[in-house]
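Report on one structure; see the data block that follows.
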Amino acid sequence: MSRSDPAGKTWEQIAAILRRTVPRQQFETWFRGMRVVSLTPERVQLTVPNNFLREWILKKYRGLLRAALREVLGADPEVDIAIAEDGDPSPPAEAPAAAAPRVDAPSAIESDIVLNAQYTFENFVPGPSNNFAHAAALAVADSPGKSYNPLFLHGSVGLGKTHLLQAICHLMTSRRPDMRILYLSCETFTNHFVTAVANGELDGFRFRYRHVDVLLIDDIHFLANRERTQEEFFHTFNTLYNANKQIILSSDSTPVEIPTIEERLVSRFKWGIVARVDPPVYETRVAILARKVEMHGLLFPDEVLQFLAENVCSNIRELEGAVNKIAGMARIYRRPVDLDMAREAHRDLGSPATTRISVDGIIRKVADHFGVKITDIQGKRRTKSIVFPRQVCMFLARRLTSHSLAEIGGYFGGRDHTTVMYAFEKIRSQSQSDAELSKTLERLSDGVTS
Ligand code: ADP
Ligand code: MG
């Protein structure tokens, strides 16, 4: 179905609703091979690859299909499902791409980052750890400037923030090619600003940033310590916000936790919706793995998926790394993927980040290293010999776990998030000039597990 074909576009909308409504696995099983033959408000003709699918869809999903049609067409058409003439029971290879928003279309996206065509909503596996962020991102992509403004996504590295931001871009450009979308990293925004100031081109800079319909800035926490850029961003924000333009930001921490960010920006960030992405739970990890394996065109046995989901917990990039590694091994060894291969891959990749790290584990390790008592680290004493190991613990907890600053504070007798932030900054800057400390931190990081 070509892009200019209105039936094709309408079908994409319908498919998007189905995707949102039924669990991914079910959508893949039942609807992926579905094709639209014709589509009018009176009658919709669809095909599926075989009779089994047809019967099942009619039995289980007829109501849902009609509801989706009603939502998109504003009518209640008759639904015909036939068997495709070239009926092939296996799902067509190009199916996901055909259903995904087209990223090669002329679009109004302006960005110096090439958007990753794989970072779509279709390829994003929702779960309890990211449901809220996922739903908020969809809502914003559906009605930019109207639902949640700004949308502020935060969470530690490798958990899907960039993926969601780009998914919003893809969906918006496919639906609203008329919109001007500006997607960039915080670094780029900063660099543009600095250059504009240096060249006396602030007017041009302002025109560019303040005349868009949607502004997405990834990793906004890099605004920390950049006062003039913050000031400029503050005005950009206000102008866009007042004109009901959508602003979407991602960060590695909550607005309040970004060090040295101005209070007035923090409060603006909180005007809309602040959604957090957490590390995925076990079931989501399995589903993500299955998805990534499928994208390689491979099949891993369930026990391999389970092994990886159990052993690679910290972030999704690590899960992808494991899949890539195993896929490569299968090619080299020329044999099907099995548990031994997965074990070997995991051993090779084995970095501390691939094991589950707990704050308690960190405290144990650090207490042992400095020869202090765990209860002292968690207690109230402020002597130097205790304060320093405590700060090291906080630093490592921030670096190696996905807990928020406030949660980390909780492990140290309920200290508040600014204390943790201070400790983190202090140890970080100290380790930059103190090679001994830097080595100690590395050794400690290597040694901690759950
Ligand atoms: P972040 O920006 O939070 O550091 P990314 O968006 O770069 O993380 O995600 C890291 C990798 O994990 C990407 O390749 C992305 O596609 C993948 N990923 C993250 N979350 C999901 C998810 N829920 N479903 C599928 N893939 C995901
Ligand atoms: Mg990112």
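All of the numbers you see were taken from the coordinates with simple rules; none came from a lab. As the structure is a prediction and not an experimental result, all values here were calculated from the model. All Cβ positions, glycine included, derive from the backbone under ideal geometry; neighbour counts span all protein chains shown.
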For 255-263, 158-166, ranked highest to lowest by mean beta-carbon neighbours within 10 Å, the order is 158-166, 255-263
Taking only Cα atoms, what is the 0 to 90° angle, nearest 10, from helix 384-400's long axis to the longest principal axis of the chain?
10 degrees
Classify the range 362-430 from the C-alpha gyration tensor, please: rounded if a/c falls under 1.5, else prolate or oblate depending on whether a/b exceeds b/c.
rounded
Rounded to two decimal places and with Rh computed the Kirkwood way over Cα pairs, what is Rg over Rh for the range 144-228?
0.99
Relative contact order, percent, of the range 304-352 when contacts are C-alpha pairs under 8 Å separated by at least 6 residues?
39 percent
Taking just the alpha-carbon atoms of the chain, what radius of gyration and Dmax come out, in angstrom?
25.0, 80
What is the distance in Å between the Cα centres of the range 190-216 and the range 416-438?
34 Å
Check Val277: other-chain or 5+ apart residues with amide H under 5 Å from its amide H, H built from backbone geometry?
His154, Gly155
Euclidean distance of C-alpha centroids, the range 387-405 and the range 242-315, integer Å:
21 Å
Angle between the chain longest axis and helix 62-73 axis [Cα atoms, degrees, rounded to 10]
90 degrees
Treat each spin label as a single point 7 Å out from the Cα along the C-beta direction, and report the Ile374 to Lys146 distance in nm.
5.4 nm
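Using only alpha carbon positions, build the gyration tensor of the range 170-309, then give the equivalent ellipsoid semi-axes as the square roots of 5 times its eigenvalues, largest first, whole angstrom.
Numbers: eigenvalues 260, 72, 43 Å².
So the equivalent ellipsoid measures 36, 19, 15 Å along its semi-axes.
Which value, in debye to the nearest 20, describes the size of the charge dipole of the chain about its Cα centre when Lys and Arg Cβ atoms bear +1, Asp and Glu Cβ atoms bear -1, and nothing else is charged? Each step should come with its number before you reach the end.
Working: 56 positive and 54 negative charges, 211 e Å.
Dipole about the Cα centre, nearest 20: 1020 debye.
Using R₀ = 35 Å, calculate the FRET efficiency as 1/(1 + (r/R₀)^6) where r is the Cβ-Cβ separation of Thr418 and Glu294; round to 0.05. List each step's numbers first, then the result.
Details: r = 45 Å, r/R0 = 1.28.
After rounding, the FRET efficiency stands at 0.20.
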As I understand it, the value is the acute angle between the Cα axis of helix 339-349 and the longest principal axis of the Cα atoms of the chain; what does it come to in degrees, rounded to 10?
40 degrees
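Give me the percent of DSSP beta bridges within the chain that run antiparallel, rounded to the nearest 5. If you can, show how the numbers build up before the last one.
On the way: 4 of 29 bridges.
If I count the DSSP bridges inside the chain, around 15 percent turn out antiparallel.
What percent does the relative contact order of the chain come to when contacts are Cα pairs within less than 8 Å and at least six residues apart?
Working: 646 pairs, mean separation 53.2, N = 450.
That works out to 12 percent.
Which order do peptides 224-234, 208-218 fall in by mean Cβ count within 10 Å, highest first? Working shown, then result.
Numbers: 224-234: 16.5, 208-218: 21.2.
Highest-to-lowest ranking by the protection proxy: 208-218, 224-234.
Arranged by the count of other C-beta atoms within 10 angstrom, fewest first, what order do Lys373, Lys292 take? Provide the component values of the computation, followed by the final result.
Numbers: Lys373 11, Lys292 23.
Going from least to most buried by this count: Lys373, Lys292.
Taking 60 Å as R0, compute the FRET efficiency from the Cβ-Cβ separation of Glu283 and Ala198 and round it to 0.05. Intermediate values should be presented prior to the final figure.
Details: r = 51 Å, r/R0 = 0.85.
Once the sixth-power term is evaluated, E becomes 0.70.
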Could I have the simple spin-label model distance between Arg347 and Asp360, label points 7 Å from Cα toward Cβ, reported in nm to one decimal?
3.0 nm
What number, in percent, do you get for the relative contact order of the range 293-450 if the mean sequence gap of Cα pairs under 8 Å and at least 6 apart is divided by its residue count?
22 percent
Using a cut-off of 24 Å between alpha-carbon atoms, which lysines can reach Lys426, once sequence neighbours fewer than 8 places away in the same chain are excluded?
Lys365, Lys373, Lys380, Lys384, Lys439
Specify whether the C-alpha gyration tensor of the range 246-388 places it in the rounded, prolate or oblate class, a ≥ b ≥ c being the square roots of the eigenvalues: rounded for a/c under 1.5, otherwise prolate if a/b is larger than b/c and oblate if not.
oblate
What is the packing order of peptides 364-370, 60-66, taking the mean over residues of other C-beta atoms within 10 Å and listing the highest first?
364-370, 60-66
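Restricting to DSSP H runs of at least four residues, report the calculated mean residue ellipticity at 222 nm for the chain, -39500 (n - 2.57) per run over all residues, nearest 500 deg cm²/dmol. Walk me through the intermediate numbers first.
Numbers: 21 runs with 243 residues, N = 450.
Computed mean residue ellipticity for the chain: -16500 deg cm²/dmol.
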